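What follows is a set of notes on a single structure, which appears directly below.
The values are calculated or read from the model by the stated rules, or taken from the named source; none is laboratory data. Only a predicted model underlies this, so the values are computations on that prediction, with no experimental measurement involved. Positions of Cβ are backbone-derived with ideal geometry, glycine not excepted, and every protein chain shown enters the neighbour counts. Please note that ligands, DNA and RNA were not included when accessible areas were found on the heavy atoms of the full protein model with its side chains. Shrake-Rupley method; radii C 1.70, N 1.55, O 1.52, S 1.80 Å.
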Amino acid sequence: STDFKVPDFKVPDLKVPAMPSTDFKVPSFSMPAMPDLKLPDAPEMKPPPAADKAADDAAAKAAAVKAKAKEAEEAKAVKDAAAQRAAADKAKAAEEAKAAAAKQRAAREEELRAAAAASGDGASEEVQRILASAKAESEQVVADASAAGRQLTSAAKAEAGALTSEAASKASAIRSQAEGVASAARREASGAKSELSSLRSEIASLEQRGAATQAEYDKTFFLNFGKRGELKDEVKRLKDDAARATKKADKAAKAVDKTAGDLEKAEASAAKAGEQAAKIEADAAAKAAKVTAEAEKQAAALSKKAEGEAAKVLKSAESKAKAAAKAASSSGSVLPGAAVGGASKIVKP
């Protein structure tokens with residue numbers, strides 16, 4: 001038989017041993033939370049309203065005081081100029097009056113001389129003598145009065161000058177003292193404002209540098225411990241510096257308030273001192289003007305009296321000259337006028 005059966009063959013069950021588990025988990029790791037190192041918001045450093053307002057008010061009042069003082073000086077200058085013009089006009093009028101009186105006397109003398117010449121040589125000589133004597137006497141009277149008047153006015157001007165000089169010295173001392181105090185107050189106020197401005201600038205600079213440093217710190221890799229530490233220290237230092245500068249600024253603002261108040265008081269005191277000085281000068285000027293006016297009045301009275309006395313002397317001389325001419329005519333002297341048909345007349349001034 002060809003029946004052939006393949007014998008049963010079983011492959012043994014070969015099981016591969018299980019491989020160990022390869023699951024690997026990376027242990028969790030997290031950085032500790034870093035502290036927030038940002039600078040706290042610094043208070044906005046605006047100019048303290050009270051300090052700036054006080055300083056502005058003091059400056060405005062100082063300007064007003066100076067303007068008022070300038071106006072007073074200009075008004076005084078105008079008044080002084082007007083007084084000088086009035087004095088010059090008065091002196092000119094007096095000189096013109098004297099010149100007119102002298103001219104009138106000369107005219108009268110000339111008339112007498114002409115009349116004497118017409119009366120004859122003898123009469124002319126006598127009349128010339130009488131007139132020369134009268135002229136010398138009248139001129140001496142006027143000259144004496146003029147000299148006395150000049151002495152009076154000179155003494156009055158000296159007294160007036162002493163009064164105004166003394167007043168000017170007192171006024172200058174008052175102004176100088178007050179201005180010295182005001183100048184010191186201005187320097188103090190200016191220094192306080194300058195210090196406050198400087199501190200504000202310093203604070204602004206510190207804030208800018210702090211913000212820049214903080215920004216750099218925030219951008220630095222967190223594992224860069226060295227640089228982050230340096231930046232952290234710098235931020236803290238800038239914060240401390242800003243705090244100290246802020247305290248100084250607060251103190252400086254108070255100093256601005258105080259110096260502004262002191263300046264206001266000093267300017268007010270200077271204004272009062274200026275008014276006091278101006279009154280001293282005005283009173284002295286008025287007194288000096290009164291002294292000189294009185295002297296000028298007395299000098300004018302002397303001059304007027306002398307002119308009157310001179311006129312009397314000349315009038316007396318005229319009468320004597322006429323009498324002399326008449327006597328010469330009555331004695332039969334040949335008169336120049338007789339040759340043309342009649343005796344000459346003495347022209348009465």
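Miscellaneous remarks
- Of the residues screened, Ser197 is not one that is loosely packed, with under 15 Cβ neighbours inside 10 Å, part of a helix (DSSP H, G or I) and either of a type in the set (A, V, I, L, M, F, W, C) or touching a helix residue (DSSP H, G or I) at 6+ places or on another chain (Cβ under 8 Å) (or both).
- Summed over segment 303-335, the residues that are open to solvent by 60 Å² or more (accessible area, probe 1.4 Å), of a type outside the set (D, E, K, R) and closer than 30 Å to Glu95 by Cα give a count of 1.
- Only one of the numbered conditions (1) over 15 Å from Ser319 (Cβ atoms); (2) at pLDDT below 70; (3) open to solvent by 50 Å² or more (accessible area, probe 1.4 Å) is violated by Arg108, and that is (1).
- Sole residue being over 30 Å from Ala63 (Cβ atoms), surrounded by fewer than 19 Cβ atoms within 10 Å (Cβ to Cβ) and either at pLDDT below 95 or not hydrophobic (A, V, I, L, M, F, W, C) (or both), chosen from Arg187, Arg209: Arg209
- All positions within segment 130-182 that are of a type in the set (Lys, Arg) and open to solvent by less than 80 Å² (accessible area, probe 1.4 Å): Lys135
- Candidate set: segment 215-247, residues that are surrounded by fewer than 16 Cβ atoms within 10 Å (Cβ to Cβ) and within 21 Å of Leu196 (Cβ to Cβ); chosen: the one farthest from the chain's Cα centre (by Cα): Asp240
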